Every structure is written in structure tokens, then in C-alpha cells.
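The values are calculated or read from the model by the stated rules, or taken from the named source; none is laboratory data. Bear in mind the structure is a predicted one, so any value in this text is a computation, not a measurement. Virtual Cβ from ideal backbone geometry, glycine too; neighbours counted across all protein chains shown. Note: areas computed on protein heavy atoms with side chains; ligands, DNA, RNA excluded. Shrake-Rupley method; radii C 1.70, N 1.55, O 1.52, S 1.80 Å.
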Amino acid sequence: MADGNGNGGAAQEATSAPSLNALGQYLKDLSFENPNAPRSLGPQEKSPNIGIQVNVNAKQLAPTDFEVSISLDAKAGEGVDLLFKLDLEYAGVFRLTNIPEEQMHPIIMIECPRLLFPFVRQIVADATRDGGFPPLFIDPIDFVALYQQKAAEAQNANAPAGN
């Protein structure tokens, strides 16, 4: 029996609505080094310098599917005083449907990593804790600023040489 209040049109409209779906998430690579153990596990005279570098990469797998990965390198200390070094690559496969072409790249490089980040943060905290150190809780990352920075670097790289 036909529904008199137009729900058939709403169902058709819903199928053409933009959507972002996470099809899967996975740890691609994880390395934790504690090169100066057991000395590094003892009391430290001062807090170590902690350096963190983050990169986002994406690869198209199918017309609507993309693998997005967050690469994170973290280290505490320098040289002979290195406490730990952590390298992590965490990825997800995302399906983007009915999204305008001009919005695809920002969604892939901002929204997808934003969805992955809580898992990355937990893996880093667990790995540092399991390595004998207090858990390293990474502050939230501004993926919009990271995207804008990468876009500016790409634009500068493509700019003609100065006068």
C-alpha cells in the first residue's frame, strides 16, 4: 500500500545524501625502541624533550574508496639520553559517496584523520606505558591547520623562482 505522506521521495533523497563511512581501521606499522634500557627506566634528572611529527597520507583504492593513514614519529630525549623512539602508521579505509568533487580532498585529509586520531592516541599511550614509561598522551591535532600548512607548502613548491 502506498504511503500518502511522501516517504518514497525521502527514501530516494536519503540515498543521494553525502556520506562518509569507515570500512575498516588497522595498524600498518608500529615500532617502539627503548635503546638505553634499563638505564633509561630509572629516575631522570630533568624532563626529556619530547618531539612529535605527524603526517597524513591518502591513496585512492576505488572510485569511492580511499585509504587514509596517519604516520606519527615520537621520541623522548636526544643522543645518548634517548629514552624512547616510537614510529606508528595507522590507517583506515573510507568510502565517500555523493560528495562534491571540490570537497573530496579536504574531507579525505581532514575528516578521515580526525576519525582515526583517537585510536592513534591510545596506541601511543599504551606503547609508551608498555615500554616502561608514563603514557604519552598526545594533544589533539588540528587537522585543518595541518591541511592548510601542507597546501601552502605545495603552493610554494609550485611557485616560480623569485625575482
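Across segment 152-163, the number of residues qualifying as modelled with pLDDT under 85, open to solvent by less than 80 Å² (accessible area, probe 1.4 Å) and within 21 Å of ILE110 (Cα to Cα) comes to 1.
For segment 116-141, a residue qualifies if it is open to solvent by 90 Å² or more (accessible area, probe 1.4 Å) and not in a helix (DSSP H, G or I), and the qualifying residues are PRO134, PHE137, ASP139, PRO140. Listed by first and then second residue, the pairs linking a residue in segment 57-70 that is in contact (Cβ under 8 Å) with a residue 12 or more places away in the chain and part of a loop (DSSP other than H, G, I, E, B) to a residue that is open to solvent by 20 Å² or more (accessible area, probe 1.4 Å) and not β-branched (Val, Ile, Thr), with Cβ atoms under 9 Å apart and 6 or more places separating them unless they lie on different chains, are LEU61/GLU67; THR64/ARG95.
PHE32 falls short on exactly one of the conditions (1) touching a helix residue (DSSP H, G or I) at 6+ places or on another chain (Cβ under 6 Å); (2) within 17 Å of GLY132 (Cα to Cα); (3) open to solvent by less than 50 Å² (accessible area, probe 1.4 Å); (4) not basic (Lys, Arg), and that condition is (3). Applying the condition of being at pLDDT 80 or above and in a loop (DSSP other than H, G, I, E, B) to segment 1-37 and asking which residue is farthest from GLU101 (Cα to Cα) yields ASN36. Every listed requirement among (1) under 30 Å from GLU45 (Cα atoms); (2) at pLDDT 95 or above is met by LYS59 save one, (1). Report yes if LEU88 is at pLDDT 95 or above, on the phi < 0 side of the Ramachandran plot and exposed (fewer than 15 other Cβ atoms within 10 Å of the Cβ), otherwise no. For LEU88, the condition - at pLDDT 95 or above, on the phi < 0 side of the Ramachandran plot and exposed (fewer than 15 other Cβ atoms within 10 Å of the Cβ) - is not met. Remark: pairs (first residue in segment 92-116, touching a residue at least 40 places away in the same chain (Cβ under 8 Å) and farther than 16 Å from ALA62 by Cβ; second residue surrounded by fewer than 17 Cβ atoms within 10 Å (Cβ to Cβ) and among the polar types (S, T, N, Q); Cβ separation under 7 Å; 6+ apart in sequence or on different chains) = LEU116/GLN25.
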